[in-house]
Structures are given as structure tokens and as C-alpha cells.
Amino acid sequence: MTLLEVDDVTLRFGRVAALDGVSFTVAAGEFLAVIGPNGAGKSSLFNVLSRVYRPSSGAVRLAGEDLLALPARALAGRGVARSFQNLGLFGHLTALENVLVGRHHLMRAGVLAGGVMLGRARSEERTHRAAAREALAFVDAESAADTPVAVLPYGVQKRVELARCLAMEPRLLLLDEPVAGMDQGERAEITDLIHRLHAERALTVVLVEHDMGMVMRVAARIVVLDFGHVMASGTPAEVQADERVIRAYLGEPVEVAS
Amino acid sequence: MTELAQLLFQGVALGATYSLIALGFVVVFRASKVVNFAQTAMLLLGAYLVSWLAVDQGIAFAPAVLLAAVLLALGGIGFQAGVLRRVAGQEPFVLVMITLGAGIALIALVEAVFGPEQRPIGDPWAASAVSVGGVTLLWVKVWTIGVVVAALVAYFAFDRFSRYGLAIRATAADEEAAGAVGVPVRRVHMITWALAGVLATLGGVFLAGFPNAAHPTMGDAALRAFPAVILGGLESPIGAVVGGMVIGIVEVLAAGYAPAELGANFHAIAPYLVMMLVLLVRPYGLFGARPVERL
């Protein structure tokens with residue numbers, strides 16, 4: 001079953017086309033990565049999917065529903081969770097509170113009942129706190145639960161952000177360069193965590209990433225963007241063997257004069 | 001000693017009122033980064049609504065206050081959704097000017113409808129008092145302290161434990177991220193304005209209580225809560241309460257003890273002096289957080 005459908009999406013800034021007729025689909029449960037050199041349109045594509053940019057033409061559908069008709073703030077309710085390239089955490093809030101915010105759209109208590117914590121609101125609160133703790137445990141950041149996230153190391157903050165995505169109980173997880181700015185050790189850990197999120201929680205994942213090595217380890221299928229076009233797509237092995245991809249990433253082979 | 005106790009009691013009662021008013025500023029500022037200069041006009045309107053309901057319409061005082069609070073909360077929601085939302089994304093300065101203009105218009109409207117005279121608010125306490133160890137406790141001030149404490153406890157429980165309190169804090173920290181993870185950001189803003197309306201009504205009632213009354217310039221007195229906000233830190237509810245208390249007590253003690261050479265109205269500027277001294281030492285206020293610098 002197709003969960004996400006990107007259909008002939010074009011995004012222009014003035015006369016520059018950041019995306020030019022991009023089409024691909026993501027099946028439910030699939031792990032798709034979008035890669036490409038700097039300036040290929042990865043971030044533009046991510047911003048279209050997360051409803052930050054409106055494309056000049058084309059359609060994006062989630063399980064058949066027109067995603068472009070929805071504002072960004074409605075996405076969580078439709079089962080779309082996203083991570084931010086530079087973390088979208090709430091600095092003064094604790095890790096647990098950060099994760100709990102992600103469950104707001106799942107909570108039912110109204111402003112007044114929720115305000116005074118009466119009856120059902122109280123038991124609902126307990127359920128959601130337990131779920132938030134469980135998400136923190138899944139990303140191995142439970143010990144940070146009661147610490148304001150601003151004072152946590154970057155790698156732990158990323159884990160908290162992923163825990164928040166998980167706690168949102170999404171159908172589709174959008175990850176924007178999750179290992180950018182990390183050292184080798186952190187990269188390996190977060191890559192492993194993302195792999196587990198997909199494998200153990202049956203999430204559909206769209207990963208936009210610059211780091212080829214990371215993508216090859218986790219993605220089942222890869223879409224390669226170059227200058228706003230889909231240059232290639234296929235399994236990691238197919239993409240790695242593609243002449244055009246090698247050229248785009250490594251440049252033209254050059255005769256070295258002896 | 002008795003005199004000091006008397007002044008402290010009055011200072012705490014005034015400080016409690018300032019705390020409510022300051023909290024009204026902070027609640028809105030935290031979520032939207034807008035200093036709501038219409039807060040003092042809302043306070044004025046709250047006091048007049050209570051006066052109109054309790055005195056002119058003959059509704060009992062407590063239901064009149066409740067009804068006025070609901071009306072002002074709805075008014076706050078309407079103003080946020082009908083006016084401020086349409087200019088969202090503009091410079092904060094634009095939004096601040098809109099609240100300033102709306103406040104001036106509101107005060108003029110109240111004066112046009114109710115006239116320039118003082119109005120009683122129909123409170124049941126008037127000048128009744130109880131004497132404890134030689135200290136005269138006006139019932140209106142005892143009630144002020146009691147109701148303010150209850151309101152503050154309710155507010156902090158809401159802020160700390162309810163899902164909307166959490167949503168408000170998340171929106172305050174990062175509105176875009178809050179929206180992306182499913183916080184209903186628009187509703188959050190409406191809730192903060194509803195809270196501001198309720199706080200303004202209570203603040204207006206106690207500011208207009210004996211020996212005062214509702215009058216068109218009571219907004220000026222309310223503006224004296226502003227040093228409390230700056231003192232505590234614009235984004236800190238705790239700071240608003242502590243700042244309000246400090247300003248209230250300083251004002252009353254200055255009125256009671258300041259030597260005559262400083263002039264008759266020294267008590268009115270004493271809060272601003274305290275504010276300036278605090279800002280010299282702590283530029284973000286007593287409880288204000290330094291902006292987090294990300295590299």
C-alpha cells in the first residue's frame with residue numbers, strides 16, 4: 001500500500017527551480033532515503049513534505065489525502081512526525097515534558113477539565129506520562145527525563161527529539177539530516193537508533209541525509225536528487241553502482257598526467 | 001511594631017493585586033512575545049463590568065465577578081483571533097502598538113459609556129474590618145490576599161500539570177516546533193488571552209475595592225504593576241508574583257516611612273527606583289532567563 005505519494009512536485013524561487021518535477025512513492029512500512037550533493041534540493045523537498053514550503057505545482061498525498069491542503073500544524077494529527085535539522089526542542093522544558101508535548105494531539109481532556117485535572121483528565125495524564133517515559137527508554141535517554149533539555153549533550157538531545165517523534169505515534173516519520181554535526185561515535189549510535197525505530201516500531205521513514213555511509217546502512221530504497229531532479233532511485237546497491245551518482249558525488253574521473 | 005505590621009499587611013494586599021496584574025502581562029508575553037499594553041484597559045473594563053452587573057443590574061457580587069471574568073475572557077479570545085492573528089508574523093513592535101491603540105480606545109469607550117465619575121463596584125466588604133492584635137485588617141484586603149493566592153495556585157497548577165499548560169510553555173519556547181509536533185498553537189494563544197482577561201477582571205476588582213472605586217484613570221495605577229513585570233522577568237510567572245509583592249510592599253512602606261523631604265508622591269516612584277536598581281544588577285530581571293545562545 002502506498003502511504004506517501006510525491007507527484008510531479010516543482011518548487012520555484014523566482015526563476016530558480018529548487019525542485020523540478022520530482023515524483024516518487026513510499027510504501028507503508030518502507031524506509032526511503034533522499035540523498036544528493038549540496039544544493040540538490042533535499043532541504044527544499046523536506047520543507048515541502050513538512051508543509052513549510054508550498055510547491056509551485058504538483059501534489060503530495062498521504063494515504064490518498066491531499067497533504068498540501070493542510071497547514072503544517074495539522075500534520076501531527078494526520079500521523080506525520082518530523083525531526084529538525086537543528087533540533088526543535090523546548091530548551092527550558094525537561095526531556096520528559098518535551099516528549100509529552102508530542103502527545104498533545106492524542107490527549108482528549110478539554111481546557112477546563114484538563115486545567116483542574118479532574119477525573120478522566122488525571123488518568124489520561126498518567127497514561128501519557130507512561131508512554132512518554134517508554135519512548136525515552138526506547139531511545140536510551142530515560143535517565144535524562146527530569147533534566148531541562150538545554151543542558152543535555154547534543155547527542156542526547158537528538159535522542160530526546162526522536163523519542164518525541166516516536167511518542168507522537170506517527171504513521172510517517174520525516175527525518176531531516178539527523179546526524180548532521182555529529183562525530184563518528186554519535187553518528188553510529190543515532191544511525192542504529194533510527195534503524196531500530198524503523199524495524200521495531202514498524203514506522204514508515206523518509207530520511208533526508210547528506211551522509212552516504214549512513215544512508216547505505218539504514219535505507220531499503222534511495223532517491224538521489226541532483227539540481228532538483230530525481231537522478232536515480234533504487235536499492236543502495238543499485239544506486240551505488242550508478243555511474244551518474246558516482247559522478248555527482250565524486251566528480252568526473254580526471255586523467256592524471258605523469 | 002504595630003505600624004510596621006499594619007503597613008506590611010497593606011503592602012502584601014497591594015502586592016497581591018500587582019502580582020495578578022503582572023501575571024496578566026507575563027501570560028501573554030510568554031506565548032506571543034507581545035507586551036500587552038491593553039492589559040490595563042482590560043482591567044478597567046473588568047472593574048466597570050463588575051460595577052455595571054453588580055450595582056446597575058443587581059446581580060450578586062460573586063456571580064457578577066464570575067460573569068465579568070467570562071465576558072473579558074471571551075473578549076480576549078475575540079481580540080486575539082479577530083485582530084492579532086491577522087497580523088501574526090509582523091514585527092513585535094507592530095503588535096505592541098496595536099495593543100496600545102486598542103487599550104486607549106477601550107479606555108475612551110468605557111469613559112464614553114459610563115462617564116468620568118467614580119463608580120462603586122458593589123463589593124460587600126466596603127470599610128468593614130477586623131482587628132487582630134491592634135492591626136486593622138480591612139476585609140476587602142483579606143479577601144484580596146485569599147483570592148489572589150487561590151488564583152495563583154490554580155494558575156501554577158494549570159501551567160505545571162495540565163496539557164494546555166505544557167502546550168503554552170512549549171509554544172513559548174519554539175512556536176514552529178510546537179506546531180510541528182501537534183500543539184494547537186492558535187488555541188494556545190487564545191487561551192493565554194482568555195487567562196489575561198480573567199486576571200484583568202480580578203485585578204480590576206481588587207484595585208477598585210475600598211477605599212478606591214472604579215474610575216477612568218485606574219489604568220494608571222495598574223501600570224504601576226509594570227515595574228513588577230520587569231523586576232521579575234517578562235517571561236517568568238514566578239517572577240511576576242515575586243515582583244508584584246516586592247513592588248506592593250515597597251510602595252506602601254515608602255508611603256508610610258519616607259521622609260517628607262522626598263515629596264508627597266515618593267511612594268509612586270519608589271517601585272521604579274527598585275526596578276532600576278534590580279536591572280543594573282540583573283538585566284533580565286530577578287527570574288528572567290538569559291537568551292540561550294546557540295552556536
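For residues in segment B:159-175 being facing another protein chain (nearest Cβ under 7 Å) and surrounded by fewer than 20 Cβ atoms within 10 Å (Cβ to Cβ), which is modelled with the lowest pLDDT?
Within segment B:159-175, the subset facing another protein chain (nearest Cβ under 7 Å) is B:161-164, B:166-167, B:169-170, B:173-174.
Now restrict to residues that are surrounded by fewer than 20 Cβ atoms within 10 Å (Cβ to Cβ): B:161, B:174.
Numbers: B:161: 83, B:174: 90.
Only one residue fits best here, namely B:161.
Conditions (1) buried (at least 16 other Cβ atoms within 10 Å of the Cβ); (2) of a type outside the set (Lys, Arg); (3) part of a loop (DSSP other than H, G, I, E, B), marked per residue:
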residue: A:166; (1), (2), (3): yes, yes, no
residue: A:170; (1), (2), (3): yes, yes, yes
residue: A:173; (1), (2), (3): yes, yes, no
residue: A:180; (1), (2), (3): no, yes, yes
residue: A:187; (1), (2), (3): yes, no, no
residue: A:190; (1), (2), (3): yes, yes, no
residue: A:193; (1), (2), (3): yes, yes, no
residue: A:197; (1), (2), (3): yes, yes, no
residue: A:225; (1), (2), (3): yes, yes, no
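From the list B:223, B:253, the lone residue that is more than 14 Å from every other protein chain (Cβ to nearest Cβ), at pLDDT 90 or above and surrounded by fewer than 21 Cβ atoms within 10 Å (Cβ to Cβ) is B:253. Being within 18 Å of the chain's Cα centre (by Cα), within 14 Å of chain B (Cβ to nearest Cβ) and of a type in the set (Lys, Arg) is the requirement here; does residue A:73 meet it? So residue A:73 fits the description; yes. No other residue among A:91, A:58 is small (Gly, Ala, Ser), more than 8 Å from every other protein chain (Cβ to nearest Cβ) and either in a helix (DSSP H, G or I) or open to solvent by 10 Å² or more (accessible area, probe 1.4 Å) (or both) apart from A:58.
Tell me the residue from B:15, B:75 that is closer than 24 Å to residue B:287 by Cβ, small (Gly, Ala, Ser) and in contact (Cβ under 8 Å) with a residue 60 or more places away in the chain, please.
Selected residue: B:15, the only one of B:15, B:75 that is closer than 24 Å to residue B:287 by Cβ, small (Gly, Ala, Ser) and in contact (Cβ under 8 Å) with a residue 60 or more places away in the chain.
Is at least one residue of segment B:198-215 within 19 Å of residue A:93 (Cβ to Cβ) and surrounded by 20 or more Cβ atoms within 10 Å (Cβ to Cβ)? Scanning segment B:198-215, I find no residue that is within 19 Å of residue A:93 (Cβ to Cβ) and surrounded by 20 or more Cβ atoms within 10 Å (Cβ to Cβ), so the answer is no. When segment B:262-291 is examined, which residues are found to be within 22 Å of the chain's Cα centre (by Cα) and more than 20 Å from residue B:29 (Cα to Cα)? B:267, B:268, B:269, B:270, B:271, B:272, B:273, B:274, B:276, B:278, listed by residue number.
For segment A:101-118, the condition of being among the β-branched types (Val, Ile, Thr) and open to solvent by 60 Å² or more (accessible area, probe 1.4 Å) holds for at least one residue. One residue is enough: does segment A:98-119 have a residue meeting the conditions in a loop (DSSP other than H, G, I, E, B), over 17 Å from residue B:170 (Cα atoms) and either in contact with a Leu (Cβ under 7 Å, 6 or more places away or on another chain) or away from chain B (no Cβ under 14 Å) (or both)? No, the conditions are met nowhere in segment A:98-119. Scanning segment A:61-88 for residues that are open to solvent by 30 Å² or more (accessible area, probe 1.4 Å), under 26 Å from residue B:160 (Cα atoms) and either among the aliphatic types (A, V, I, L, M) or touching a residue at least 12 places away in the same chain (Cβ under 8 Å) (or both) turns up just one, A:77.
Please pick out the residue among B:28, B:34, B:50 that is in contact with an Asp or Glu (Cβ under 9 Å, 6 or more places away or on another chain) and open to solvent by less than 10 Å² (accessible area, probe 1.4 Å).
Details: B:28 fails: in contact with an Asp or Glu (Cβ under 9 Å, 6 or more places away or on another chain); B:34 fails: in contact with an Asp or Glu (Cβ under 9 Å, 6 or more places away or on another chain).
Result of the check over B:28, B:34, B:50: B:50.
Evaluating residue B:154 against the criteria (1) more than 7 Å from every other protein chain (Cβ to nearest Cβ); (2) aliphatic (A, V, I, L, M); (3) open to solvent by 30 Å² or more (accessible area, probe 1.4 Å); (4) over 22 Å from residue B:16 (Cβ atoms) leaves one unmet condition, (4). For segment A:31-55, residues that are more than 17 Å from residue A:10 (Cβ to Cβ) and open to solvent by 30 Å² or more (accessible area, probe 1.4 Å) total 1. Pairs needed: first member in segment A:134-155, away from chain B (no Cβ under 14 Å); second member anywhere, open to solvent by 90 Å² or more (accessible area, probe 1.4 Å); C-beta distance under 6 Å; at least 6 residues apart or different chains. Short answer, once both residue conditions are applied: A:136/A:142.
Okay, residues lined up against (1) on the phi < 0 side of the Ramachandran plot; (2) out of contact with any helix residue (DSSP H, G or I) (no Cβ under 7 Å at 6 or more places or on another chain); (3) surrounded by fewer than 16 Cβ atoms within 10 Å (Cβ to Cβ); (4) assigned to a helix (DSSP H, G or I):
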residue	(1), (2), (3), (4)
B:44	yes, no, no, yes
B:70	yes, yes, yes, yes
B:78	yes, yes, yes, yes
B:81	yes, no, yes, yes
B:89	no, yes, yes, no
B:98	yes, no, no, yes
B:113	yes, yes, yes, yes
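Taking residue A:161 as the residue in question, decide whether it is at the interface with chain B (Cβ under 10 Å from one of its Cβ atoms), closer than 26 Å to residue A:222 by Cα, open to solvent by less than 30 Å² (accessible area, probe 1.4 Å) and not β-branched (Val, Ile, Thr).
Values: at the interface with chain B (Cβ under 10 Å from one of its Cβ atoms): yes; closer than 26 Å to residue A:222 by Cα: yes; open to solvent by less than 30 Å² (accessible area, probe 1.4 Å): yes; not β-branched (Val, Ile, Thr): yes.
Judged against the criteria, residue A:161 is a match.
For segment B:163-230, which helices (runs of 4 or more DSSP H) that fit wholly inside it have 3 or more residues that are farther than 29 Å from residue B:15 by Cβ? Steps first, answer last, please.
Details: elements: B:163-173, B:175-180, B:185-207, B:218-223.
The helices (runs of 4 or more DSSP H) meeting that bar are B:163-173, B:175-180, B:185-207.
Could you please find all residues in segment A:195-206 being of a type in the set (A, V, I, L, M) and at pLDDT below 95? Passing the criteria: A:197, A:199, A:202, A:203.
The values are calculated or read from the model by the stated rules, or taken from the named source; none is laboratory data. Owing to the predicted nature of the structure, the values given are computational and were not obtained by experimental measurement. Methodologically, a virtual Cβ is constructed for each residue, glycine included, from the backbone with ideal geometry; neighbour enumeration extends over all protein chains shown. Remember, those area values only see protein heavy atoms, side chains included, never the ligands or the DNA or RNA. Shrake-Rupley method; radii C 1.70, N 1.55, O 1.52, S 1.80 Å.
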